[in-house]
Amino acid sequence: MKQLFDYFPVLVFFSLYFYGGADNKPDIMLATWGIIVACSLQVILGWVIWRKVQRMHLLVLAFTLVFGGLTLFLNDEAFIKWRTSIIYYTLAGVLFIGHFTPGRNLLQRLGEGGMQSTFGRVIPVAPRYWTVTNFAFAAYYAFLACANLYVAYHFSTDFWVKFKLIGMTLSNFIFYPTMLYYIWRNMPAADREQLMHDQPTAKEIKEEQQHEHDDSLSQSELSAQKKEAE
C-alpha cells in the first residue's frame, strides 16, 4: 500500500493524460491539474493516516505547484516537463553535496534505517561501498534529469509522456535492484548466510528473551502465591 501511495500522483497524471481528455484524447493540461491535486492529497492523507509527512512528498509538491502552476497560468507545457528534471537534479545535488558533510551520507542513513526496520538490526557494510552507492545514485539521477530534458525538447509531448511512463520505469526496475544487490554482495558473508537461512534477527532474539523473562516472572509469582496459600 505504501508504494502505491508513493506513486499515486504519477498514476493520476498518466491516467488523466491518456484517458481524461475530450474523446479520450491526450490532455497535458488536465494531467497537470491532476498531478497538482494528487500531490496535495498525498501530503494531506500522509498526515491523516500516518501522522507524518515525508520530506520527499513535500519537495515534489513544492516543485509541482511551481512548475505545474506556471504551465497552467502561461498555457505552456514546457514547465511541467522541466519539473521532472528539476526534481532529479535536486536529488543528485543533495546526494553529491551530502557526501562531503560530516558523518554518514544520506544513502547510508536510509539504507541502515531500512535494515533496522526489516531485519531488526543494522548489518555492517564498509563505508567505501556506501560511498560508491551514493555517487551511483547521484549520477543516475543526473542522467535521468538530462535524458528527460533531451526527450522533452527533441520529441513530441506524447512521446515524452510515454518515455516517462515506460522508459524511466524500466530504468528504475533495472537500477534499483542492481544497487540493492551491490550492497547485498558487500555485506559480511556471515550476515548474508544468516539472512538466507531465515535465522532470527537481533530484534526477534531480544523479543524472545523478553518473552522468556516475562514467563519466568509469571512462574515465580505463581510459586509465591502457592506458598502464601499453603
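The values are calculated or read from the model by the stated rules, or taken from the named source; none is laboratory data. These numbers were taken from a predicted model, which means no experiment stands behind them. Cβ: placed from backbone, ideal geometry, glycine included. Neighbour counts: every protein chain shown.
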Please go through the stretch 67-111 and give me each residue that is without any contact (Cβ under 8 Å) to a residue 12 or more places away in the chain, crowded, with 17+ Cβ neighbours inside 10 Å and of a type in the set (D, E, K, R), ordered by number. none
Residues being within 15 Å of the chain's Cα centre (by Cα) and outside the structural domain of ALA139 (by TED's automatic domain parsing) - total across the stretch 62-117: 0
With the requirement that a residue be surrounded by fewer than 17 Cβ atoms within 10 Å (Cβ to Cβ) and within 19 Å of LEU95 (Cα to Cα), what does the stretch 114-163 give you? GLY114, ALA126, PRO127, ARG128, TYR129, THR131, VAL132, PHE135, ALA136, ALA139, PHE143, CYS146
Hey, TRP50 out of contact with any Gly (no Cβ under 9 Å at 6 or more places or on another chain) and assigned by TED's automatic domain parsing to the domain that holds HIS154 or not: no
